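All remarks here apply to the structure that follows.
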Amino acid sequence: MKQNVGTVDRVVRVVIGLVLGLLVLTGQVSGVLAIVLGIAGVALLATAAIGFCGLYTVLGISTCPRKAQ
């Protein structure tokens, strides 16, 4: 897999993922919303960790800096 998530994008994903996780763990949200936000938080943390986002591939987006040729 070619990385398509840049550094700034990764930091934003980690911050949002942690905030969503904290909302779920502290009970600020509950029910179906908690499940959806929990899954979204885990997905954001996972894509930040591996540096690859499948949705970016489908949409043709890359936030990684281009390497000089």
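Nothing in this text is a laboratory measurement; each read-out follows from the coordinates by a stated rule. This one's a predicted model, so the numbers in the text were calculated from it and none came from an experiment. Here Cβ is always computed from backbone atoms with ideal geometry, including for glycine, and neighbour counts include all displayed protein chains.
β-branched (Val, Ile, Thr) and either in contact with a helix residue (DSSP H, G or I) (Cβ under 6 Å, 6 or more places away or on another chain) or over 16 Å from residue 1 (Cβ atoms) (or both): does that describe residue 50?
Judged against the criteria, residue 50 is not a match.
Please return the ranges of helices (runs of 4 or more DSSP H) entirely within the chain where 2 or more residues are touching a residue at least 12 places away in the same chain (Cβ under 8 Å) and among the basic types (Lys, Arg).
Here the list reads 7-25.
Would you mention how many residues in the stretch 2-49 are exposed (fewer than 13 other Cβ atoms within 10 Å of the Cβ) and under 10 Å from the mean Cα position of the chain (by Cα)?
2
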